[in-house]
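Q: Can you keep this structure in mind? I'll have questions shortly.
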Amino acid sequence: MKFIDNYVQKFVQEDYKNFESEIFRIDKLLKNKTCVGNNMLGWQDLNVNFKKIKNVAENINSNSDCILIIGIGGSYLGAKMAIDFLNPVNKNKIYFIGHNLDSEHLNNILNKIQDRKIHAIIISKSGNTIEIKATLDIIFNFIRKKNKQNLHKCFTVVTGKNGFLRNFAEINNWQILDIPDNIGGRFSVLTNVGLLPIAISGADIEKIISGAKEIKKNIENSSNSNYNYCYKYAIIRNALYKKKFMIELFSSFSSRMISFIEWLKQLFGESEGKDNKGLFPTSVFFSTDLHSLGQFIQEGSKILFETIFFVKNLKLDLKLSDKFENYDNYKSFNEINRKIFESVVLAHHDGKVPCNIMEIEEFSELELGRLIYFFEFSCALSALMLGVNPFNQPGVEVYKKIMLNK
Ligand code: PA5
């Protein structure tokens, strides 16, 4: 993984120096655990009980051929992005539900899986989220009709200390995995929340953690010398925000990156968007959006900057026929995609759109772990620079209070 700032430098040149003491101050607060929200820094520890997770995953896999993951927000986005990124062997037997209340969506899935051997994993830190409780109600009855005996073996719960879900699981004698108190939903992918579904999918969770630990070590070792990538990225985001670039547009050229970017949108949006502050994170997928939003990006209002993801080494590359080669001189999809990526960076930069580039080596567990820790740490730094608490989400509660007439 390589963060490249060549196409953003001219917009923030002075800022690296101006923000220097501030970034070191904030980095220290984070590392000494003295920043605002310091009771929610458990994601930095990367403590994982691999044996336990692997045992539970193996058991679930050997007793079922269809896994329903019921979760919303930080309780499903991390697992979904990791599974889409890695494309592991069991991917197609996993369905994510509970993140919307569209009856048709759920009904279509239930029709598809009615003859399968189902295991449901319900993930919710609070254990009280209404979308999750409602979906569980439907799934509980659906599975109960099919499995009169050993019903309790069809459910696993991943939850916090208290809440409806824990009580319900205890009453029904379901297996329970804990979510630590000091890790919030959007920072929880490297805990039981994300790692259990990822292990079930067949991906190597130890390698993911190794990648994360490698970046953590790099950050710790480089903080007093040159800027590390996290510092640069956090400074760029804050400097551009001050210059009225209010939108961060995450773009990618590989469909496996789409869920990763959805995870990023939650990570940054929920961590920074408060106290009437924050960059608005959004996304495009290229080439698709080059032929729609591309016009706005190139020549529209100068309110956005890009963070562009490009994956260097892909296993599959569709080759073109000799005839096409003669016309255009390109030999394969990947060759054209790479050329489009390079041209887009030059064009958008020329159109006064600052462009960060994140070059990804390949779709591997190690690389994924590196990316996850890089973005979690950068997000915490960036939100603290902005002057907000990265780890709460008071705005999410407002609609819930209205629903309950509170
Ligand atoms: O990041 C967060 O804390 C939120 O997005 C939560 O993950 C989301 O609201 C789901 O909450 P819970 O896990 O309590 O069901």
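Q: Quick one: in the stretch 274-292, which of the residues that are of a type in the set (A, V, I, L, M, F, W, C) and farther than 24 Å from S188 by Cβ is farthest from the ligand (Cβ to nearest atom)?
A: Ranking the qualifying residues of the stretch 274-292, first place goes to L290.
Q: I'd like to check something: does the stretch 82-99 contain any residue that is closer than 12 Å to W263 by Cα, within 16 Å of the ligand (Cβ to nearest atom) and assigned by TED's automatic domain parsing to the domain that holds S126?
A: For the stretch 82-99, residues closer than 12 Å to W263 by Cα, within 16 Å of the ligand (Cβ to nearest atom) and assigned by TED's automatic domain parsing to the domain that holds S126: present.
Q: Filter the stretch 81-91 down to the residues that are in a helix (DSSP H, G or I) and either of a type in the set (S, T, Y) or under 17 Å from A120 (Cβ atoms) (or both) and list them by number.
A: Scanning the stretch 81-91 gives a single hit, I83.
Q: Moving on to the next point. When the residues of the stretch 117-126 are filtered to those that are closer than 27 Å to S62 by Cβ, crowded, with 22+ Cβ neighbours inside 10 Å and not hydrophobic (A, V, I, L, M, F, W, C), which remaining residue is farthest from the ligand (Cβ to nearest atom)?
A: H119
Q: Follow-up. Considering only the stretch 63-80, state which residues are away from the ligand (no atom under 16 Å from the Cβ) and assigned to a loop (DSSP other than H, G, I, E, B).
A: N63, S64, D65
Q: So if I check each of N6, N18, N63, N59, which one is in contact with a strand residue (DSSP E or B) (Cβ under 9 Å, 6 or more places away or on another chain) and assigned by TED's automatic domain parsing to the domain that holds K274?
A: When all the criteria are applied, what remains is N6.
Q: Filtering the stretch 166-187 down to residues that are touching a Gly at 6+ places or on another chain (Cβ under 6 Å) and outside any loop (DSSP other than H, G, I, E, B), which residue is farthest from the ligand (Cβ to nearest atom)?
A: Only one residue fits best here, namely R166.
Q: Pick out the one residue from A234, A199, A239 that is closer than 30 Å to Y95 by Cβ and either assigned by TED's automatic domain parsing to the domain that holds I372 or part of a helix (DSSP H, G or I) (or both).
A: Of A234, A199, A239, the one residue that is closer than 30 Å to Y95 by Cβ and either assigned by TED's automatic domain parsing to the domain that holds I372 or part of a helix (DSSP H, G or I) (or both) is A199.
Q: State yes or no: is F374 without any contact (Cβ under 8 Å) to a residue 12 or more places away in the chain, surrounded by 12 or more Cβ atoms within 10 Å (Cβ to Cβ) and part of a helix (DSSP H, G or I)?
A: No; evaluated as a whole, the condition is false for this residue.
Q: Kindly indicate the residue of the stretch 127-157 that is surrounded by 15 or more Cβ atoms within 10 Å (Cβ to Cβ), free of Cβ contacts under 8 Å to residues at least 60 places away in the same chain and more than 18 Å from L110 (Cβ to Cβ) and also nearest to the ligand (Cβ to nearest atom) among those meeting that condition.
A: Only one residue tops the list, namely T129.
Q: Still on this model: With the checklist (1) on the phi < 0 side of the Ramachandran plot; (2) within 9 Å of the ligand (Cβ to nearest atom); (3) free of Cβ contacts under 8 Å to residues at least 60 places away in the same chain in hand, flag the one item G163 doesn't pass.
A: G163 satisfies every listed condition except (1).
Q: Now for a separate question. Could you tell me whether any residue of the stretch 157-165 is assigned to a helix (DSSP H, G or I), out of contact with any His (no Cβ under 8 Å at 6 or more places or on another chain) and within 27 Å of Y399 (Cα to Cα)?
A: Yes.
Q: Counting only residues that are in a loop (DSSP other than H, G, I, E, B) and in contact with a strand residue (DSSP E or B) (Cβ under 9 Å, 6 or more places away or on another chain), which one in the stretch 244-273 is nearest to the ligand (Cβ to nearest atom)?
A: Of everything passing the filter in the stretch 244-273, G273 is nearest to the ligand (Cβ to nearest atom).
Q: Is it the case that L190 is within 16 Å of the ligand (Cβ to nearest atom), over 29 Å from Q13 (Cβ atoms) and assigned to a loop (DSSP other than H, G, I, E, B)?
A: yes
Q: Of the residues that make up the stretch 365-381, is at least one within 30 Å of G300 (Cα to Cα), in the same structural domain as S251 (by TED's automatic domain parsing) and within 16 Å of the ligand (Cβ to nearest atom)?
A: The answer is yes, given that some residue of the stretch 365-381 is within 30 Å of G300 (Cα to Cα), in the same structural domain as S251 (by TED's automatic domain parsing) and within 16 Å of the ligand (Cβ to nearest atom).
The values are calculated or read from the model by the stated rules, or taken from the named source; none is laboratory data. Quantities reported herein were computed from a predicted structural model and do not represent experimental measurements. Note that each Cβ is placed from the backbone with ideal geometry, even for glycine, and that neighbours are counted across all protein chains shown.
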